[in-house]
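The block underneath contains the structure these notes are about, expressed in structure tokens.
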Amino acid sequence: FWRSDRNSSNLVECINDACTHERDVKKSNATWDANFQCSEGYGGPACNNCLDDYSKDVLGACHSCTDGGFKISSESIVFFVIVIVLSCSAYFYGKIRMQSKTDRVTAFRRRIMTQKSGFVEGSSLHNGVDHDHWFMRARTKAKIILSFLQILTEFESVLQIRFPDMFGDWTTWMSSMANLDMLRLVSATCIVDTNFFSTLLAQTIFPILFSFLIFALPYLLSVARKSNNTGEQTEEQQLTEKEKWKKQKDVAVSAFLLLTYMVCSSVSVTIFDTFNCVQFSDDPTTYLSRDNTIVCGSDIHSFFKKYAMVMIFVFPIGIPVLYLVLLLRHRELIIEPYRDYNPRIQKSSFLWATYKPNIWWFEIFDCVRRLSLSGFLVFFGQGSASQIVIAMLLCILSLFLFIHMRPFERNSDNNLSILTQISLYFTLFGALLERVGVTTSENYDDTTFAILLIAVNLLGPCLLVYSLLHALISELMESMVGEKHEHNGDLRGMDEGECRTREGFVSHFLAVASSSEAEGGWINFLNRKTKWKQFLDYSGAVVETRCSKRIGAMDDMRTTFSVKCNVDIVKKYLWNEKRQLRHGDAVSFSVGSDKHNRKASDVERTSFYLAKTAVGFFSARDMIMQAFMGEVDGAWYIARRSFEDEQIHSKKNSSVEGRVRATVKYEGYILYPESQYETRVVFLQNIDPGGVLKGSFRKRVMPKYVRNTVDELLNFAEEHTANAKFEGFGRKNVGGGDGEEDEDETFEVEMSSFTGTVVTGAGNPLRLGV
């Protein structure tokens, strides 16, 4: 403990073993000095200051600058490593996203999304925001955790409360990282004389200078490009230069907004700490709470109070006002369902992309919430129990809004934000117990109390770990049992004996593809991801699923949609005789075809090898398939199934190439000519993906396969419509590709167990058993 003079009975608790009474005893006959109570290297009120040639580390302990020279603590090294890793991840994510090749299907999706957003500017496309990407999910959770830590670590200073040493050391260390206090992290006092005012200047001036650099960089890059291009630019080069200039400006705005978010709370707290003065024991002098070497009311302190008042209008007031202006300016576009693909507002997406469209303003509230629970509390009865009660009321209000509105698009983000608010509330409750003396009067154990406080504030990170483990466990469970479905439909799985022949296989495929909801037991396929909802919107597709065995994992998936293209052209494209690579294909080549007996069978047959690229952490899949094409009652069909041939491509070779052999039980299309320029497509697939996590593969990858297939065909139809003379698909070349029209291809299916008329999910009749 420390006291202001030797006769004072008003004791102040010291931290970091800064106080000792040994020197007080030794100097009892000499002139008394308050510093006699301090350990070596410590001095000032409550021994909170470091003497000359000593420097404070991250935890506030004083260390000699002469012992071993300049040192950076291990905590600081950990912090800088984390910053470097995160910065590199962000850089490479942005670089890969901007430099990644745009295939035809991806370009089609961007074009459709941009058109849906109501913004069309020339032929330029926008990448959009992939909220399901791991980097975007991590960015949202990092924002929540960062704001939580910036509030938590300021409680001890703002509330003037002394938490147990273990918890106080933990929050002090976290404060240096969350609030980007570089001077403390590197113990800069050993290099140059610094104090709180140095920190204030650094934290307020550097963001402003960095902001100027951010906005100057696009201009400097543009000047550099122009200096390299000495010749006269063509009109196309000028347009490219303008597009680069606009993109770089948008990136600069996004980087600036990210910078303002990171510094808003921490810099604002530093500004408000300029007005945060405290007294110790019976000493009438007031000292700055953050730096007890500074006497409040001195000339230099008065000057920096005026400086801090100016900075209040730049940071704690200016930043929320900036957010409000940007959001109000594009509010109508932000609430649109296709906002992620509108290039006009992507530069400000950091402010709204993680929130629901109707809660576009929530970033402003969150900014005010962070400031209210940290810096603003300085002006409400500092050091009193009432100040803590006000903080608790603000915390309860914020918690109510988070629970009631659930502003984030992802439930995991909502749960994390709610849990961090609960942690803040219980921390404030612990501070209230300290303030009113309950911990002292009831002899609370400091170590136990500190552990409880740390545990409460680790609930958020624990939730992140739990969600990760829960996802892994769910993956394993799904791989073993799959997603269950039970129905009473009459149409069951494929009978191996009956379907061993081509006629039996095609008959079963047609029966399943054209079955009604009652016959097949079909149910709508549900997927809550934003991309999937947008896909259903622009494609008009109806996606259904079922269990082919009536009880068990859902393995059949049927998709019905329309394309603006002639049925013969669609048939030619889907048949893909030359095995051109489609979206997601890695390798594809023909291994045989059968045309010599078409007059007898009225059906075309081919065999081919296909390897699909890997998705996520799943291995790539390959398969050897046999395909049949024919006509039934005016509708064309293409039906495919797997077969094994070790000479074509063995499973051993697939394993060496890092692929898993999948089994296609049946897959293909029924093409209904709605008119001369429109075709109704029914796409059916039942694929056993193989591997350990086959249940997860069906759930996560197969819907993407369906989406790729539909978008591939929609894009082809759009391109063909725009260019009626599309090479290789002219009217004279629809048949065999030799410049002459082939004869009509017909194939009547004989089914002993099924006759009559069946109806597709869209109500299209198909007569079988003719």
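The values are calculated or read from the model by the stated rules, or taken from the named source; none is laboratory data. This structure is a prediction, so every number in the text was calculated from the model and none was measured. Neighbour counts run over all protein chains shown; Cβ positions are idealised from the backbone, glycine included. Surface areas here come from the heavy atoms of the whole protein model, side chains and all, with no ligands, DNA or RNA. Shrake-Rupley method; radii C 1.70, N 1.55, O 1.52, S 1.80 Å.
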Q.
Being of a type in the set (A, V, I, L, M) and under 37 Å from the mean Cα position of the chain (by Cα) is the filter here; which residues of region 648-658 pass it?
A. Val656
Q. Looking at Ile403, Ile388, which one is β-branched (Val, Ile, Thr), touching a helix residue (DSSP H, G or I) at 6+ places or on another chain (Cβ under 8 Å), open to solvent by 30 Å² or more (accessible area, probe 1.4 Å) and at pLDDT 90 or above?
A. Ile403
Q.
If a residue must be buried (at least 17 other Cβ atoms within 10 Å of the Cβ) and either among the small types (Gly, Ala, Ser) or in a strand (DSSP E or B) (or both), how many such residues does region 632-662 contain?
A. 14
Q | region 567-585, residues that are open to solvent by 40 Å² or more (accessible area, probe 1.4 Å) and either under 17 Å from Trp636 (Cβ atoms) or out of contact with any Asp or Glu (no Cβ under 7 Å at 6 or more places or on another chain) (or both) | A | Asp568, Lys572, Glu577, Lys578, Gln580, Leu581
Q) Give me the pairs: first residue in region 660-672 and under 11 Å from Thr559 (Cα atoms), second residue in a loop (DSSP other than H, G, I, E, B) and at pLDDT below 95, beta-carbon distance under 8 Å, and six or more apart or on different chains, which are they? A) Ile670/Ser514; Ile670/Thr760
**Q.** Matching residues in region 311-336 - criterion: being within 17 Å of Phe379 (Cα to Cα) and in a helix (DSSP H, G or I)
**A.** Met311, Ile312, Phe313
Q: Go through region 37-54 and count every residue that is within 18 Å of Asp5 (Cβ to Cβ) and either polar (S, T, N, Q) or modelled with pLDDT under 80 (or both).
A: 3
(Q) Name the residue that is nearest to the chain's Cα centre (by Cα), counting only residues in region 315-337 that are touching a residue at least 60 places away in the same chain (Cβ under 8 Å) and open to solvent by 60 Å² or more (accessible area, probe 1.4 Å). (A) Pro337
Q) Conditions: (1) open to solvent by 40 Å² or more (accessible area, probe 1.4 Å); (2) modelled with pLDDT of 80 or more; (3) in a helix (DSSP H, G or I). Glu712 meets all but one. Number of the miss? A) (1)
Q: Taking the residues in region 509-524 that are open to solvent by 40 Å² or more (accessible area, probe 1.4 Å) and of a type in the set (A, V, I, L, M, F, W, C) as candidates, determine which candidate is nearest to the chain's Cα centre (by Cα).
A: Ile523
Q.
So for region 493-515 (the condition being modelled with pLDDT under 65, small (Gly, Ala, Ser) and in a helix (DSSP H, G or I)), does at least one residue qualify?
A. no
Q. If you check Arg661, Arg605, Arg698, Arg641, which single one turns out to be within 33 Å of the chain's Cα centre (by Cα) and modelled with pLDDT of 85 or more?
A. Arg661
Q) Taking into account only those residues within region 532-556 that are of a type in the set (Gly, Ala, Ser) and within 28 Å of the chain's Cα centre (by Cα), which is surrounded by the fewest Cβ atoms within 10 Å (Cβ to Cβ)? A) Gly540
